Structures are given as C-alpha cells and as structure tokens.
Amino acid sequence: MISPLNKKDSSSKSLNLESFFLLIKPTKNIYTNTIEKDLVELEIELLIQAGFTNIEISWSNNENWINYVSNLRLKFPSLNLGSASIKNKKSIDDSIKIGCNYSMMRGWDRDLLNYSNSKNHLLIPGIKHLKDLKQAIDLNCKIIKIYPVKDNIELINISQYKNIDFIAAGGLSISDIPLYKSLGYKAIVIGDMGFKNNKIDPKIYEWLRRRSN
C-alpha cells in the first residue's frame, strides 16, 4: 500500500504507490449526527482491518471540521490521512494543525503551493492544463494529480515526464485501476464511486481481498 507521506520530502521516494486513495466527503450532518458519524468510522475501521489506510477527507470551511478530522486522527493513528479540495491558506493551516500527512488541491494555485511549501507541508496540485503542468514542474513538484483525468487523458501525455509520479482523479472507481496503471499513473483517487451514502463500494473490499491472497 501507500506508505505515509513524508511532509518534508515532496519527491516520489516518500510514496510507495500501487493503488488508490479513497476520498471521503463528510456531510454537514456528520458533525451532529452520532449515527452517521459512527457509520463512517465503522467503514474506516473495516478498511484498516483489510489493510487499507489511504484516506483523504474533503476540507470544509466549517468550524466542526477540525474537531471531526482530529478525532479520526486520534482514533485511527495508522491512517495515511490527507485533506482534499484544498483551495486557500486556511485549508492548509487546518490540515497542518490536525497533522495531515499530505493535502491535495482540486485545481492549480501557484501561490497556494508556495505557501504550503513555506509551511513544510506536502501539497499535491491538481492539473488540467499543460501550462499549469509546466508551472508545477518548474516549482519542482514530483507528485501531480491530473483532474479531471477523463477530460485530459489525451491532452496531457504523462509518458513525457519521467521523474514525476502522476495520480489520476475525477469520476473513477476501483475498476479503473488497471487502465490507469497501464497508462503510467501510479495511483488513482476514488471519490463518490467508492464512498457514497456513508457506505464503501463492496468492490473495494473484493479488490483488497484479492490483493491479500
């Protein structure tokens, strides 16, 4: 699986990429609804028992977000826990405060990347234009997310960039892993097609069982 990211090292050496990240998007109810909160935590616990730890939580500008994700950090210390949909300095500061191993931008923001670097925090940019990809490479990004990958799979030829580890994202499911691995992507991000209505796609558990056999 993917080993915990080293925030001080943004190179691919800090990753052992072989599969996927699971993106969880908390609803507002999760902060006050104990039943919903417990359901999500049960799913995370089952994933950990199956040997999977690569979870990222979508950042929210909600005063309860820090407490919620901090509690996940404390309850599940083995998680390779990241924050997603990062879009401003506050989201970086919140992620650092919690102790997230890494963060992922939805899109590209040069100033935000520089800010994260100044805080010694690993921020993985989301790229959909060639000009932005060149900027990210010029800023020494070694791990880059292509999002939405289905719109850019023909526009951005990742095989040209030998020293970059690429992650595919945007509308992907567990069944997409073989395709994107064959195209040279090191991992994919699975969002709504992997976690929806507080439930994990059963095919993810099937994939984890096959991998462990």
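The values are calculated or read from the model by the stated rules, or taken from the named source; none is laboratory data. Given the structure is predicted, the values throughout are model-derived calculations rather than measurements. Every residue, glycine as well, gets a Cβ built from its backbone with ideal geometry; the counts of neighbours run over all protein chains shown. Areas reflect the complete protein model, heavy atoms only, side chains present, ligands, DNA and RNA absent. Shrake-Rupley method; radii C 1.70, N 1.55, O 1.52, S 1.80 Å.
Side notes on the structure shown:
Residue-wise test of (1) touching a Phe, Trp or Tyr at 6+ places or on another chain (Cβ under 6 Å); (2) among the aromatic types (Phe, Trp, Tyr); (3) at pLDDT 95 or above.
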site: TRP108; (1), (2), (3): no, yes, yes
site: ASN114; (1), (2), (3): no, no, yes
site: ASN120; (1), (2), (3): no, no, yes
site: ALA136; (1), (2), (3): no, no, yes
site: ILE144; (1), (2), (3): yes, no, yes
site: TYR147; (1), (2), (3): no, yes, yes
site: ILE190; (1), (2), (3): yes, no, yes
site: MET193; (1), (2), (3): no, no, yes
site: ASN197; (1), (2), (3): no, no, no
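- SER10 meets the conditions (1) at pLDDT below 95; (2) assigned to a helix (DSSP H, G or I); (3) open to solvent by less than 80 Å² (accessible area, probe 1.4 Å) in every case but one. The failed one is (2).
- Residue within the stretch 193-213 that is open to solvent by less than 80 Å² (accessible area, probe 1.4 Å), closer than 17 Å to GLY82 by Cα and of a type in the set (Val, Ile, Thr) present: no
- Among residues of the stretch 123-148 being part of a loop (DSSP other than H, G, I, E, B) and touching a helix residue (DSSP H, G or I) at 6+ places or on another chain (Cβ under 7 Å), the one that is least open to solvent (accessible area, probe 1.4 Å) is PRO125.
- Within the stretch 171-188, the only residue that satisfies the criterion of being at pLDDT below 95 and touching a helix residue (DSSP H, G or I) at 6+ places or on another chain (Cβ under 6 Å) is GLY184.
- Residue match in the stretch 59-72 (condition: in a loop (DSSP other than H, G, I, E, B), crowded, with 16+ Cβ neighbours inside 10 Å and polar (S, T, N, Q)): yes
- Residues (in a loop (DSSP other than H, G, I, E, B) and open to solvent by less than 30 Å² (accessible area, probe 1.4 Å)) located in the stretch 94-106: GLY99, CYS100, ASN101
- Among residues of the stretch 102-128 that are among the acidic types (Asp, Glu), those with a Cβ under 8 angstrom from a residue that is open to solvent by 50 Å² or more (accessible area, probe 1.4 Å), sequence gap 6+ or separate chain, pair up as ASP109/LYS87.
- Checking each residue in the stretch 61-101 for being aliphatic (A, V, I, L, M) and free of Cβ contacts under 8 Å to residues at least 24 places away in the same chain picks out only LEU74.
- Scanning the stretch 73-93 for residues being within 20 Å of ASN54 (Cβ to Cβ) and either part of a strand (DSSP E or B) or open to solvent by 10 Å² or more (accessible area, probe 1.4 Å) (or both) gives a total of 13.
- Condition check for ASP151: without any contact (Cβ under 8 Å) to a residue 24 or more places away in the chain, closer than 30 Å to GLU36 by Cα and outside any loop (DSSP other than H, G, I, E, B): no
- Whenever a residue of the stretch 42-60 is at positive phi, its partners that are open to solvent by 10 Å² or more (accessible area, probe 1.4 Å), lying with C-beta atoms within less than 7 angstrom and at least six residues away or across chains, give the pairs GLY51/MET1; GLY51/SER212.
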